[in-house]
Amino acid sequence: MSLYELKEVSFSYEKEPVLKDLQLEIREGSFLGLLGPNGSGKTTLLRLLSGALSPQKGNVFFKGQEVSLMEPAERARAMGVVPQEFNLDFPFVLEEVVAMGRYPYLPWWGALGAMDQEKIEEALYITGLERLRKRTINRLSGGERQRGVIARALAQDPQVLLLDEPVSNLDIRYQQEVFELLARLNHDRDLTIILVSHDLNLAAQYCSELALLSQGSIKAMGSPKKVLEAGLVESTYGVAVEVAENALTGRPQVSLLPHRARAAGEIENGPWVHVIGGGGSAQQILYGLKRWGFRASLGVVNAGDTDAEVARRLDIPRVLEAPFSAISAGAREANEKYIEQADFLLIADVPFGGGNMANLELALEAARRGCRVLRIKGKSIEERDYTGGSAAWLWEVLGSLGAIDIELEEVFNHLKGGVESE
Ligand code: ADP
């Protein structure tokens, strides 16, 4: 069942709309991370969900009720809000701060009853703060303080927690502590959690769903894997990234790529290496070439191929053919232009069939012109010849023209050696 439903919601502080025609459904029990660049409207969206702001157009429904029409106390009982900044002028002790969460339940004369005490105790217990209850909040560590603010929201006995960058000022240990607490609340108590996060990786690890905002619209929503797709992150944030899968959790992990990946020993204006690969056979080669600062190109590969994707991420030029299509005359010609400029031609441990034989033919032409051809040692050519012997024959001719067979681990040293001896 949906807890929140937003229908064509638009909001502006001044003239310019900050959120535009937003359609959104948030399931009860979800753990949703709102992501997006600065100014994309995340905090505004969170404040619309809590009822702190009302949309100029459209509706925000909470369990079918329009949020802006709910009584403030009713909203406060339903929604626990953890703001970005939590400052109190007075040095309250932690217990008093947590007790503030009960205000929406108190009669006007304000005495805490047995039920209120029970909820306060429970909130202190869940957040592991019982021991610190008498401490003034300015004597708590960042993590304890943030757990205290969460305890205050929990004492409200809310149906949803709305948090704005709950870990932005915390070191990684406290970040984990807070996210673990939220994950437990979500899992054990089925509490819906909606948070704004700048940390794509923390959100990817803990949230069950992500929504990516850009310029006031939702660009993508769904599982972390779906939302943190490299192309989508790159176009939204305007950065180069690599997205890998965490081997343990299976969740995506985003790394920023420097404009030009540099490493110790990088060669300035190193030689140009053209790579023949496909199906992931050239992945490690492409990363290595980039890391060592060689100029590289790849081709011909089919669009959507793993190697084509890696090259795209690494900003390595590539010659593409349509998916599942044999190399066309046009792609062959484009590839030839790259190979003509290359100092080395590197052939990955890739199978050859009718579709990519043109690459091998180009390698032969290059070898005849005196281009240095390196072949990565792998399976024997017979094992990966799907042309009925033509590939194996070209392979042999290539060998007689001086192509060198080399282990993958050796190839970068070989290329560097080639540079140094020149
Ligand atoms: P985010 O949380 O994604 O960084 P916000 O929702 O805080 O984005 O802000 C979205 C846009 O609205 C920004 O351009 C910001 O400058 C503007 N904005 C935010 N708060 C106000 C305000 N109180 N008055 C005017 N403009 C605001």
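The condition (being surrounded by fewer than 21 Cβ atoms within 10 Å (Cβ to Cβ), in a loop (DSSP other than H, G, I, E, B) and aliphatic (A, V, I, L, M)) is satisfied by just one residue among 326, 392, 334: 326. Being polar (S, T, N, Q) and either closer than 30 Å to residue 227 by Cα or within 16 Å of the ligand (Cβ to nearest atom) (or both) is not true of residue 87. Selection of first residues in segment 13-30 that are at negative phi and of second residues that are open to solvent by 80 Å² or more (accessible area, probe 1.4 Å), restricted to Cβ pairs under 6 Å at least 6 apart or on distinct chains, gives the following pairs, ordered by first then second residue: 28/1. Considering each residue of segment 192-200 in turn, none proves to be of a type in the set (S, T, N, Q) and either open to solvent by 20 Å² or more (accessible area, probe 1.4 Å) or in a helix (DSSP H, G or I) (or both).
Among the residues of segment 10-62, how many are of a type outside the set (Ser, Thr, Tyr), within 8 Å of the ligand (Cβ to nearest atom) and either part of a loop (DSSP other than H, G, I, E, B) or not assigned by TED's automatic domain parsing to the domain that holds residue 158 (or both)? Selection size over segment 10-62: 8.
None of 288, 293, 299 is open to solvent by less than 50 Å² (accessible area, probe 1.4 Å) and in contact with a His (Cβ under 8 Å, 6 or more places away or on another chain) except 299. Among the residues that make up segment 255-270, is at least one of them open to solvent by less than 50 Å² (accessible area, probe 1.4 Å) and modelled with pLDDT of 90 or more? Checking segment 255-270: not a single residue is open to solvent by less than 50 Å² (accessible area, probe 1.4 Å) and modelled with pLDDT of 90 or more. Within segment 130-146, residues that are in contact (Cβ under 8 Å) with a residue 24 or more places away in the chain and of a type in the set (Lys, Arg) sit with their Cβ atoms under 9 Å from residues that are part of a helix (DSSP H, G or I) and open to solvent by 50 Å² or more (accessible area, probe 1.4 Å), at 6+ positions apart or across chains, in these pairs: 145/138.
Annotation: residue 78 fulfils all but one of (1) open to solvent by 10 Å² or more (accessible area, probe 1.4 Å); (2) more than 16 Å from the ligand (Cβ to nearest atom); (3) closer than 29 Å to residue 143 by Cβ; (4) touching a residue at least 24 places away in the same chain (Cβ under 8 Å); the unmet one is (1).
Scanning segment 357-380 for residues that are in contact with a Leu (Cβ under 9 Å, 6 or more places away or on another chain) and part of a helix (DSSP H, G or I) yields 357, 360, 361, 362, 363, 364, 366, 367, 368. The criterion of being over 30 Å from the mean Cα position of the chain (by Cα) and either under 27 Å from residue 184 (Cα atoms) or not small (Gly, Ala, Ser) (or both) holds for residue 93.
Assess whether residue 211 counts as being out of contact with any helix residue (DSSP H, G or I) (no Cβ under 6 Å at 6 or more places or on another chain) and closer than 22 Å to residue 248 by Cα. Considered against the rule, which asks whether it is out of contact with any helix residue (DSSP H, G or I) (no Cβ under 6 Å at 6 or more places or on another chain) and closer than 22 Å to residue 248 by Cα, residue 211 comes out as no. For segment 170-198, the set of residues classified as within 14 Å of the ligand (Cβ to nearest atom) and not hydroxyl-bearing (Ser, Thr, Tyr) consists of 194, 195, 196, 198, listed by residue number. If you go through segment 362-378 and pick out every residue that is of a type in the set (Val, Ile, Thr) and open to solvent by 20 Å² or more (accessible area, probe 1.4 Å), you end up with 0.
The values are calculated or read from the model by the stated rules, or taken from the named source; none is laboratory data. Note that this is a predicted model, so its numbers are computed, not measured. No Cβ is skipped: glycine too gets one built from the backbone with ideal geometry, and neighbour counts run over all protein chains shown. Areas reflect the complete protein model, heavy atoms only, side chains present, ligands, DNA and RNA absent. Shrake-Rupley method; radii C 1.70, N 1.55, O 1.52, S 1.80 Å.
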